[in-house]
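The values are calculated or read from the model by the stated rules, or taken from the named source; none is laboratory data. Just so we're clear, the structure is a prediction, and the values are computed from it rather than from any experiment. Backbone-built Cβ (ideal geometry, glycine too); neighbour counts: all protein chains shown.
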Amino acid sequence: MGRFNIANPDADPATSPGAPRPQPFEAPQGMPAPTVAIAPPSQNVPLHVRLLWLPQAMPGSLFTTLDVLRTVAGVASLQRPGAAPTLSWQLCRANGRTLATELPGLVSSTRRARAPGSRTLLVIPALLASNAPELGELVLRDAAALRLVERHARAGGWIAACASGMVLPLQLGLLDGASVGAPWMFQSWMARQYPHCDLTSDAAMSVHGHVFSCVAPALQVEFMLRVLGHLHDPDLAQAASRLMLFQPERQRSVPALVSQRWLGRTADSPVYRAIQWLRDHVSEPYRLAAVAQAAAVSERTLLRHFGQVTGMTPLDYLHTLRVERARMLLEVTLHGTHAIAEACGYSDAAAFRRLFQRATGMSMSDYRARFALRARRRYWRMEDTAAKRAAQRGAHR
């Protein structure tokens, strides 16, 4: 089979619609991620996702994609009860027909998202090949899959290719002129086979035109969250990422939130001891002398070392911890702003609201409205009432 080329020669990853912006790296372990102003809410764009089921695929990349889609849809149903779904999906074969399966978790969504300006996304899984020649044979042998990808691209659809699955858009010329990362095992073969694409980038995830790609199946959760953030709804993707990706600061914060007990002293550096003390005393008034005593150094020494290691003062660090705690409580509890301010060490709720506004660029109520991960209180009451009525009916039988 000859090599297709249906790429748009004018496509530029920096200007193509929905092209992802560079993402911040995770903060070093032991330090909270910097608190930055949150972008204004973006438009929720209806998106229909087709997951390409191939016999030679690594199905785990599709299963993982389904996990992400179902999580994002679940968050949407919590935050926007009663709203029509704007995210839908289906598993399809290379001939374009829906994959018929009754296996739990693999069933397509019940309603397809259709609206003006809606988008379509085709997810191509990683292909299981023991070497590069075998990968090439898989591509040339599956003409139906290539035709499906070609039709999807010609119709203006978006593509998300996982690892070795990027060979399909490469074969069609959709990555000509791009500079993207490639799976290291197949990189040299791909470079020879597709010389019009620069595959020397060390980027784990890339975008060119309407094609997203990642270099390893293990990246699929973060990869799909980023893709959905750019094509569908950034707020929902961000909320889902907190549920699906490792959150070191939140993981460390939960025990203190539950028990408010010490997590154990350590003989590590003064800065580490100070950080541990601040984490365990987020809800207490700040006193530099107490932090220095916990770190077993003088106040002046602590300020110098703390600034060298973290780039901020202990008080600034504590403010970051308090804002992060407030964000978590706003997302997963029904506590009011006064109670949350108190849990974050502030008796003056107005002062804490100002701190939160400066740190995030939005009010606490606006933050909860955008990022809450549970149903609103009125729906809790309805569910509680329904449960009580069901229990009463069972007792009378």
query = Under the condition of being surrounded by 14 or more Cβ atoms within 10 Å (Cβ to Cβ) and aromatic (Phe, Trp, Tyr), which residue from the stretch 178-207 is farthest from Ser130 (Cα to Cα)?
reply = Tyr194
task = Could you tell me which numbered condition Val49 fails, if it satisfies all but one of (1) modelled with pLDDT of 95 or more; (2) in a helix (DSSP H, G or I)?
result = (2)
note = Of (1) at pLDDT 95 or above; (2) over 28 Å from the mean Cα position of the chain (by Cα); (3) not small (Gly, Ala, Ser), Leu175 satisfies every one except (2)
request  = Filter the stretch 51-63 for residues that are within 21 Å of the chain's Cα centre (by Cα) and either crowded, with 21+ Cβ neighbours inside 10 Å or outside the structural domain of Ser164 (by TED's automatic domain parsing) (or both) and give the result.
outcome  = Leu51, Ser61, Leu62
key: Enumerated helices (runs of 4 or more DSSP H) restricted to the stretch 298-347, each holding at least 2 residues that are at pLDDT below 90 and within 24 Å of Val254 (Cα to Cα)   = 314-332
inquiry  = Suppose the filter is over 12 Å from Val211 (Cβ atoms), out of contact with any Pro (no Cβ under 9 Å at 6 or more places or on another chain), modelled with pLDDT of 95 or more and in the same structural domain as Arg119 (by TED's automatic domain parsing); does Arg151 pass it?
reply    = yes
ask   = For the stretch 348-372, what are the residues that are assigned to a helix (DSSP H, G or I) and either at positive phi or of a type in the set (A, V, I, L, M, F, W, C) (or both)?
value = Ala349, Ala350, Ala351, Phe352, Leu355, Phe356, Ala359, Met364, Ala369, Phe371
query = Which residues, counting only those in the stretch 154-167, are buried (at least 24 other Cβ atoms within 10 Å of the Cβ) and aliphatic (A, V, I, L, M)?
reply = Ile159, Ala160, Ala161, Ala163, Met166, Val167
